[in-house]
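Have a look at the structure below before the remarks.
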Amino acid sequence: MPKIGDIELPEFPLLLAPMEDVSDPPFRALCKEQGADVVYTEFISSEGLIRDAAKSVMKLDIYEKERPVGIQIFGANLESMLQSVEIVEKSNPDIIDINFGCPVKKVVSKGAGAGILKDIDLMVSLTKAMVERTHLPITVKTRLGWDHDSIRIVEVAERLQDVGCKAISIHGRTRVQMYKGVADWAPIAAVKNNSRMHIPIFGNGDVDTPEAAMKMRNEYGLDGAMIGRASIGYPWFFKEVKYFLATGKHLAPPTMEERVEAARRHLQMAIDWKGEKLGVFETRRHYTNYFKGIPNFKEYRMKMVTSDAASDVFDAFDEVLQKFGDHVFEAH
Ligand SMILES: Cc1cc2nc3c(=O)[nH]c(=O)nc-3n(C[C@H](O)[C@H](O)[C@H](O)COP(=O)(O)O)c2cc1C
């Protein structure tokens, strides 16, 4: 069974990917309930943490019930990264993850995120220094390489392992690809097949059906799957994948009642966590998927995503349950 440091995981664990403005405590809690084995926070700026920027510090909040949870940080400056490790430790996460994969310009231009893929020596020395600074397991999330011509992920992974990294999640795209094209899992399998590797290698990118997860396990032999977009507004995805991996059969999709209940709890947890205004605003992006495929739904969706008062959104949920309670959903 794969292990991240001392954290024991089940066979082929499913990890909730770090996603900005998505992987917050309420959503992580829902994914955990539905079978996610490890959850990660969205990326948090090491510079922001050091400045005590309220927005960054709030992202460190974790609930007991979501463990094991990893806090992901990014940055390219060694001193800042080390200082932020000390701040992160105060939140008592189970894992600290380093983001070496974010492709956005404002991160990359500072040499952070996927920007570090242009300087593998720095990537390795930064990881080493962080491993030495904390008793918590350090994991890394990265991409295949900067561009197609500079894919050296087998060597990079080996070097990260050698300096004490405890697991690597690899998104099967390069920085240049951003989110375009199809994720290529073959180079991730090459990392796994390197006989020197002994830490878990998790595959990431386009695991959007239970069949895709099965393929990643059976044909690519990876240690687990990290799941991002397929879970947005659909925390049941973890349970559905697990059921399919165990039985080869599809679970029936959640009923309208279950969806409304999840949306309600999601919104309530978000309000409890960050207040009505932000809670209402930041939960909006999930509703499209919670209620995907219902005909003539626009009026209700608009109410959910434009209302500022939580009571109006809760009313919209009630109306949806009354009007569409019998709707039969198709499998994900
Ligand atoms: C809205 C959004 C926000 C993301 N934010 C982060 C992040 O904060 N840290 C990170 O390492 N990756 C981030 N990613 C990348 C995902 O973790 C994942 O690598 C990518 O979406 C591919 O996996 P998927 O096909 O399962 O979605 C983000 C992706 C999305 C769609």
task = Using a 1.4 angstrom probe on heavy atoms only, work out the carbon and sulfur share of the accessible area of the stretch 1-105 in %.
result = 49 percent
Estimated [θ] at 222 nm from DSSP helical runs (n ≥ 4, -39500 (n - 2.57)) normalised by residues in the chain, nearest 500 = -13500 deg cm²/dmol
inquiry  = Below 15 angstrom from the Cβ of His148, what's the summed charge of the other residues (Lys, Arg +1; Asp, Glu -1)?
reply    = +3
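Does the stretch 210-332 come out rounded, prolate or oblate by the C-alpha gyration tensor, with a ≥ b ≥ c the root eigenvalues, rounded set by a/c under 1.5 and, if not, prolate when a/b is larger than b/c and oblate if not? Write out the running numbers ahead of the final one.
Values: a/c = 2.80, a/b = 1.73, b/c = 1.62.
Judged from the Cα gyration tensor, the stretch 210-332 comes out prolate (a/c at least 1.5, a/b above b/c).
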query = So, with +1 on the Cβ of K and R and -1 on the Cβ of D and E, and no other charges, what is the size of the charge dipole of the stretch 178-304 about its Cα centre, to the nearest 20 debye?
reply = 240 debye
message = Distance between the C-alpha centers of the stretch 98-159 and the stretch 1-51? Whole Å please.
response = 18 Å
note = Bridge orientation stat for the chain from DSSP, antiparallel percent rounded to 5, came to 5 percent
ask   = What size of dipole, in debye to the nearest 20, comes out for the chain about its Cα centre when the only charges are +1 on Lys and Arg C-beta atoms and -1 on Asp and Glu C-beta atoms?
value = 620 debye
remark   = In whole Hz, the Karplus estimates of ³J(HN,Hα) for the stretch 145-151 (6.51, -1.76, 1.60; θ = phi - 60°; x where Gly or Pro) are x, 6, 9, 4, 7, 10, 6
query = Residues with beta-carbon under 9 Å from that of Arg229, excluding Arg229: net charge, scoring Lys, Arg +1 and Asp, Glu -1?
reply = -2
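Could you rank Ser91, Ser46, Ser109 by how accessible they are, 1.4 Å probe, largest area first? Spell out each step's value before the answer.
Details: Ser91 30, Ser46 0, Ser109 90 Å².
In descending accessible area the options line up as Ser109, Ser91, Ser46.
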key: Dipole of the stretch 242-317, positive end: most advanced residue of Gly248, Tyr287, Leu267 [Cβ charges, Cα centre]   = Gly248
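Give the residue list of trypsin sites (Lys or Arg not before Pro) in the stretch 61-139 that are DSSP loop and have at most 16 other beta-carbon atoms within 10 angstrom.
Numbers: sites: Lys65, Lys90, Lys105, Lys106, Lys110, Lys118, Lys128, Arg133; in loops: Lys90, Lys110.
Taking the stretch 61-139 and a limit of 16 other Cβ atoms within 10 Å, the loop trypsin sites (Lys or Arg not before Pro) found are Lys90, Lys110.
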query = Of the residues Asp208, Asp52, Asp94, which exhibits the maximal mean-square fluctuation in a Gaussian network model of the chain defined by a 10 Å Cα contact cut-off?
reply = Asp52
Length-normalised contact order for the stretch 210-318 - Cα pairs under 8 Å, 6+ apart - percent = 22 percent
On Cα atoms only, tilt of 256-290 relative to the major axis of the chain in degrees = 70 degrees
0 to 90° range, to nearest 10: angle between helix 120-133 axis and the chain longest Cα axis = 80 degrees
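What is the local net charge at Met1, summed over the other residues whose Cβ is closer than 13 Å to its Cβ (Lys, Arg +1; Asp, Glu -1)?
Numbers: positive: Lys3; negative: Asp6, Glu8, Glu11, Asp37, Asp223.
Every neighbour counted, the sum reads -4.
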remark   = Long-range amide H partners of Ala17, meaning residues 5 or more apart or on another chain whose placed amide H is closer than 5 Å, are Ile227, Gly228
remark   = Over all Cα pairs of the chain, the Kirkwood radius sets Rh, and Rg/Rh then becomes 0.97
inquiry  = Springs between alpha-carbon pairs under 10 angstrom, Gaussian network model over the chain: which of Ile168, Ile50, Ile95 fluctuates most?
reply    = Ile50
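Probe of 1.4 angstrom, ligands and nucleic acids ignored: what's the accessible area per residue over the chain, in square angstrom? Working shown, then result.
Details: 14470 Å² over 332 residues.
Averaged over the residues of the chain, the accessible area is 44 Å².
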inquiry  = Not counting ligands, DNA or RNA, and with a 1.4 Å probe, what is Glu20's accessible surface area in Å² rounded to the nearest 10?
reply    = 100 Å²
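Quick one: pull the percent of accessible area on the stretch 292-332 belonging to carbon and sulfur, 1.4 Å probe, ligands and nucleic acids left out. Don't jump to the answer; show the numbers that get you there.
Numbers: 1240 of 2670 Å².
Carbon and sulfur: 46 percent of the exposed surface of the stretch 292-332.
The values are calculated or read from the model by the stated rules, or taken from the named source; none is laboratory data. Small disclaimer: the values here were computed from a predicted structure and weren't measured. Positions of Cβ are backbone-derived with ideal geometry, glycine not excepted, and every protein chain shown enters the neighbour counts. Please note that ligands, DNA and RNA were not included when accessible areas were found on the heavy atoms of the full protein model with its side chains. Shrake-Rupley method; radii C 1.70, N 1.55, O 1.52, S 1.80 Å.
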